[in-house]
Amino acid sequence: MDSVQFKHRVALLAAIVVAPLLYLLLLHAPIPQAKGYHFFADVRTCLGIPNFGNVASNLAFLLMGIVGWVWCYRHLKTGARLSWMIFFAGVALVFVGSGYYHYRPNDDSLVWDRLPMTLAFMGLFAALMSEHLGAQFERPVLIPALILGVASVFWWRHTDDLRIYIWVQLAPLLAIPFLLAMFRGRYSHRVYLLYGLGFYMLAKIAELYDRETFELTTNFISGHSLKHLLAAMAPLFLYLMLLRRIEADAPAASLKPAS
């Protein structure tokens, strides 16, 4: 392995991940929470639960989080095991946080919605770094990433500035395509990362068309409820990746592009 090329690619990866944060903090104005964020299309009550569709659709996160976490717990030798367990724990906790938020939507309950999501995003980020750059990167990346992720939520709550929180979501999404293109990871089936990324992007689109989706489906499902179901497909594909993958013959940080 050419160590110089490897270092150059690591430096480029760092730039791709860190540059958006520097741009947001140094060149972009603070991004406040949208005034109408808490007003959703589907506010129907069912079984005594207000906003039932948006609350109940979070069950998908609980299911996928538990399944993924249990698998990681039972497989002691899986790569980046700690980071994957934190990722799936965060996914499962989204059920609690998002369910509580949608039961009573306001800025205070939104904190509990966003905190578990930062655990999931930063756990995923650390797992990706570890499995593509080397196992020695896991803990040095994981601990600061988790601190930054949690801090981004409290920073938003106390300053009404979403810039750091937006970056927390963006960082692993930017890293996935670059890692797949420029590094050969320790394991097979990495294409499942792209499947998960694709469903997450579909979820963000559904979120933008909350009311339109509700009207288009004749009040059957709102865009925000659909967002939850689509977003839960991302950890499903990551679980399937962990379940099916095998260790590659090449070292973790091989420079051969993915096939």
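The values are calculated or read from the model by the stated rules, or taken from the named source; none is laboratory data. Everything quoted here is computed from the prediction, not taken from an experiment. A quick note on method: Cβ atoms are made from the backbone with ideal geometry, for glycine too, and the neighbour counts reach across all protein chains shown.
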#### Entry: Unmet requirement for residue 76, which otherwise passes all of (1) assigned to a loop (DSSP other than H, G, I, E, B); (2) farther than 26 Å from residue 137 by Cβ
(2)
### Task
Check 76, 47, 59 and return the single one that is over 25 Å from residue 167 (Cα atoms), modelled with pLDDT under 95 and of a type in the set (A, V, I, L, M).
76
### Summary
Scanning segment 26-61 residue by residue, those exposed (fewer than 12 other Cβ atoms within 10 Å of the Cβ) and of a type in the set (Val, Ile, Thr) turn out to be 45
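Among the residues of segment 131-152 satisfying the criterion of being buried (at least 23 other Cβ atoms within 10 Å of the Cβ) and either without any contact (Cβ under 8 Å) to a residue 60 or more places away in the chain or outside any helix (DSSP H, G or I) (or both), which is nearest to the chain's Cα centre (by Cα)? Outline the logic, then answer.
Step one: of segment 131-152, the residues buried (at least 23 other Cβ atoms within 10 Å of the Cβ) are 131-132, 145, 149, 152.
Add one more test, that the residue is either without any contact (Cβ under 8 Å) to a residue 60 or more places away in the chain or outside any helix (DSSP H, G or I) (or both), and what stays is 145, 149, 152.
Numbers: 145: 13, 149: 11, 152: 14 Å.
For segment 131-152, the residue satisfying everything is 149.
May I ask you to say which residue of 70, 43 is of a type in the set (A, V, I, L, M), out of contact with any Gly (no Cβ under 8 Å at 6 or more places or on another chain) and closer than 28 Å to residue 212 by Cα? Break it down into steps so the answer makes sense when it comes.
Values: 70 fails: closer than 28 Å to residue 212 by Cα.
Within the list 70, 43, the selection yields 43.
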### Query
Just a yes or no: is a residue in segment 166-177 crowded, with 21+ Cβ neighbours inside 10 Å and more than 17 Å from residue 16 (Cα to Cα)?
no
### Query
For residues in segment 77-88 being free of Cβ contacts under 8 Å to residues at least 60 places away in the same chain and surrounded by fewer than 19 Cβ atoms within 10 Å (Cβ to Cβ), which is farthest from residue 51 (Cα to Cα)?
77
### Query
Among all residue pairs at least 6 apart or on different chains, which show Cβ distances below 8 Å where the first residue, located in segment 161-180, is farther than 12 Å from residue 121 by Cβ and the second is among the β-branched types (Val, Ile, Thr)?
161/31; 162/31; 163/31; 178/16; 180/191
### Task
Only residues that are crowded, with 16+ Cβ neighbours inside 10 Å and of a type in the set (Asp, Glu): list them for segment 153-165, please.
161
### Query
Can you tell me which residues in segment 1-25 are loosely packed, with under 15 Cβ neighbours inside 10 Å, among the charged types (D, E, K, R) and either in contact (Cβ under 8 Å) with a residue 40 or more places away in the chain or more than 18 Å from residue 181 (Cα to Cα) (or both)?
2
### Task
Considering only segment 109-126, state which residues are surrounded by fewer than 23 Cβ atoms within 10 Å (Cβ to Cβ) and closer than 17 Å to residue 242 by Cβ.
none
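Are any of the residues in segment 180-188 closer than 29 Å to residue 66 by Cβ, touching a strand residue (DSSP E or B) at 6+ places or on another chain (Cβ under 9 Å), charged (D, E, K, R) and not in a helix (DSSP H, G or I)?
At the first step, the residues of segment 180-188 found to be closer than 29 Å to residue 66 by Cβ are 180, 185-188.
The next check asks that each one be touching a strand residue (DSSP E or B) at 6+ places or on another chain (Cβ under 9 Å); those that pass are 185-188.
So of that shortlist, the ones also charged (D, E, K, R) come out as 186.
Next, only the ones that are not in a helix (DSSP H, G or I) stay: 186.
The answer is yes; a qualifying residue exists.
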#### Entry: Among (1) under 22 Å from residue 222 (Cα atoms); (2) part of a helix (DSSP H, G or I); (3) touching a Leu at 6+ places or on another chain (Cβ under 8 Å) - the single one residue 38 does not satisfy
(2)
### Query
In segment 191-228, how many are over 20 Å from residue 172 (Cα atoms), under 19 Å from the mean Cα position of the chain (by Cα), hydrophobic (A, V, I, L, M, F, W, C) and crowded, with 18+ Cβ neighbours inside 10 Å?
2
### Query
Being touching a residue at least 60 places away in the same chain (Cβ under 8 Å), hydroxyl-bearing (Ser, Thr, Tyr) and buried (at least 22 other Cβ atoms within 10 Å of the Cβ), is that true of even one residue in segment 95-104?
yes
